Structure formats: C-alpha cells, structure tokens
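One structure is given here, and the rest of the page talks about it.
The values are calculated or read from the model by the stated rules, or taken from the named source; none is laboratory data. The structure presented is a predicted model; accordingly, all values stated were derived computationally and were not measured. Quick reminder, even Gly has a Cβ in these numbers, built from the backbone with ideal geometry, and neighbours come from all protein chains shown.
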Amino acid sequence: MRYMIGLAVAMLGFAMLTTSAFAQTAPSPTSMSIRTLGFMAGCWTTRKDAPEEYRECFTAPYAGIIQGSSQTVKDGKTVSFEFALMREKDGKITYTPFYNGKELSTFTATALGPDTVVFENPANDFPKKVIYHRNAEGTLSARITGAIDADKNNQEWIMIPQGM
C-alpha cells in the first residue's frame, strides 16, 4: 500500500512538473506575433531588367510594429511612393498603407507563417489581399489581388535584397 501511495505521489509530482514545464514553454499568443514577420526586414528591389524599379524597405519588428516604405521609379523619376505600418494590436496584426501620402484601407492578417503573411480586407475595392512571401532562393514576393478586373489588376513583384 505504501508503495502504491508513493507511486501515486511520484506520478502526481511528475505530472505537475511536466505540466508546468510545458506551460512555460508553450507559445503564447504574443510569441506567434508580428515578430513572425521578421522575414520581411531589410531593403528589397526588383531586378535591374524590370520595366520599373520598385524598392521596398521594412524595419525589423520592434515593440509591436514594423515600419515600411516603398518607391516606384520609371525613367529616373519617382512615379509613386508608399509608407506602411504593420501593427500588432488586440491579438491581430494589421497592415495600413499610405499610398502617395494618403491612407488606404487597413488590412488584417488572415494567414501567417514563418515565410508568408496574407493580409485581407474584403470590403476594399482593390486590392482585397496583400501577400508577402520569402522564397527559398532568398527573394521576397509582394502580391496584390482584388476584384476589379482581377486578371488585369493582380500584380506581383519579385524582389532581391537591395545591393545585390
């Protein structure tokens, strides 16, 4: 009987120990957060043979946000620019672009992985989705899709790290 009680106490102690160990190491909601978007950090540009030069830079995730900026250059002149804010708030990650200085709609992350994020806003006319993906060869893809003449307006940029 003492053996059974000792065994039960040992098993209970082991269960408490492993439960508390797993509770301490299990990912919290903030560990799968905006920090997951670190794959985007840095400055990116389209290849030299692209018809327009597109450059995009993102800060590393810090204190719940990522700041971004982009510039499109054609024939040596800036034809558009954008500032962006990615923010973790209330358990969600949002993306708010400011295109040519004007705030556009806010998009919410609907899919998030170690090398991909999908932001969506179904109420926006175009785009409805903004997708970033870090490709195996080290490039960064940015893609926008939407409902307005979808085949014509869907756009994708494949960017290399700036300076390469």
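Numbers below:
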item: Filtered residue count, segment 131-143, keeping only those that are surrounded by fewer than 15 Cβ atoms within 10 Å (Cβ to Cβ) and within 17 Å of G68 (Cβ to Cβ); result: 0
item: Verdict on K128 being surrounded by 16 or more Cβ atoms within 10 Å (Cβ to Cβ) and either modelled with pLDDT under 95 or not acidic (D, E) (or both); result: yes
item: From L85, L112, residue being under 29 Å from E137 (Cβ atoms) and touching a helix residue (DSSP H, G or I) at 6+ places or on another chain (Cβ under 6 Å); result: L112
item: Strands (runs of 3 or more DSSP E) contained entirely in segment 84-164, each with at least 1 residues that are polar (S, T, N, Q) and either assigned by TED's automatic domain parsing to the domain that holds P51 or closer than 20 Å to Y62 by Cβ (or both); result: 92-99, 107-112, 116-120, 140-145, 155-161
item: In segment 32-82, the residues that are β-branched (V, I, T) and either assigned to a loop (DSSP other than H, G, I, E, B) or in contact with a Lys or Arg (Cβ under 7 Å, 6 or more places away or on another chain) (or both); result: T45, T59, I65
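Results for (1) of a type in the set (S, T, N, Q); (2) out of contact with any strand residue (DSSP E or B) (no Cβ under 8 Å at 6 or more places or on another chain); (3) in contact (Cβ under 8 Å) with a residue 40 or more places away in the chain, shown as yes or no for each residue.
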{"site": "Q71", "(1), (2), (3)": "yes, no, no"}
{"site": "I93", "(1), (2), (3)": "no, no, yes"}
{"site": "N100", "(1), (2), (3)": "yes, no, no"}
{"site": "A109", "(1), (2), (3)": "no, no, no"}
{"site": "V118", "(1), (2), (3)": "no, no, no"}
{"site": "P127", "(1), (2), (3)": "no, no, no"}
{"site": "A142", "(1), (2), (3)": "no, no, yes"}
{"site": "Q155", "(1), (2), (3)": "yes, no, no"}
